[in-house]
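Beneath this line is the structure, given in structure tokens, with notes to follow.
Computed from the coordinates by the stated procedures, all read-outs in this text should not be read as laboratory data. Since the structure is predicted, the reported quantities are computational estimates derived from the model, not experimental observations. Note that each Cβ is placed from the backbone with ideal geometry, even for glycine, and that neighbours are counted across all protein chains shown.
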Amino acid sequence: MNAQPLAGLPADRILKTLRTYRQGPLLTVELNLPEEGNAVSDVMLDDLLTVLGDQDPAVRVLVLAAAGEEFCLGGDRREFPRHFEDDPTGGGIRVSGAKALRVCEALTTNPAVTIARVQGRAVGAGVGLALACDLRVGVDTATFRLPELALGVPPTWGGLLPRLISEVGVARVRELILTARVFDAQEALGLSVLHKVVPPDALDAAVMAWAKPVLRRPASAVRVTKALLNSLAAPTRLADVSVFDPELLTAVLTEQRHAR
């Protein structure tokens, strides 16, 4: 695939953490910090908001992919101390958390069908990004983990918890969150964290096997059907308190900082 600039992207807005590839109505957005395990930083959130906010209406399918061996090793925790240095009240944490919510919501409500292409490890925020997509395919060697409690923070990134409960079910989510254990691709398939598991050399073919029929369908029918599916799933998220995620994370981290 050849990289092309996105239509509508401001000339002075250079994507620092992403690469984008456009093939007609198919857009691939690739997390591109492989040396850092594609950890989600504030800059990456800004880049994702730029791409999703300026998305060409002609895009029918959006693939969320990642460069290197890992899909995403979670949020960049190195930014927490810097945020507190800039604002001891945790204002930076709140802003970052709000961006994460906007990114995940932009994926979920995207008019295009979104496909997560997962390889390597998906940890914390990486699981959240994948879950925000409509369809999720992973290689058979992929692994997943929700380590927030082990790291001393609640699972409050991008509306991760209500999405997990909606897709997986509260009983299984409780066990995954409280134990913070690693689970493999086959278990992820059984939990509906993934919809399909394939060998590494079949990953791109699996993505295209989903994309091609979507691209053949009338755009308006796909758009309305996706909106209907999201609306019908909404009752399982009536108690969604994701709006409080940034405040909850800030409160916990501030308390921990003061206790040192």
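The trypsin sites (Lys or Arg not before Pro) of segment 78-145 that meet both conditions, a loop assignment by DSSP and at most 11 other Cβ atoms within 10 Å of the site Cβ, are R78.
Of the cross-linked pairs K99/K196; K99/K226; K99/K212, which ones have a Cα-Cα span greater than 26 Å in the structure shown? In this structure, K99/K196; K99/K212 exceed 26 Å between Cα atoms. Peptides 221-234, 15-28, ordered by how many other C-beta atoms sit within 10 Å of their residues on average, highest first, read 15-28, 221-234.
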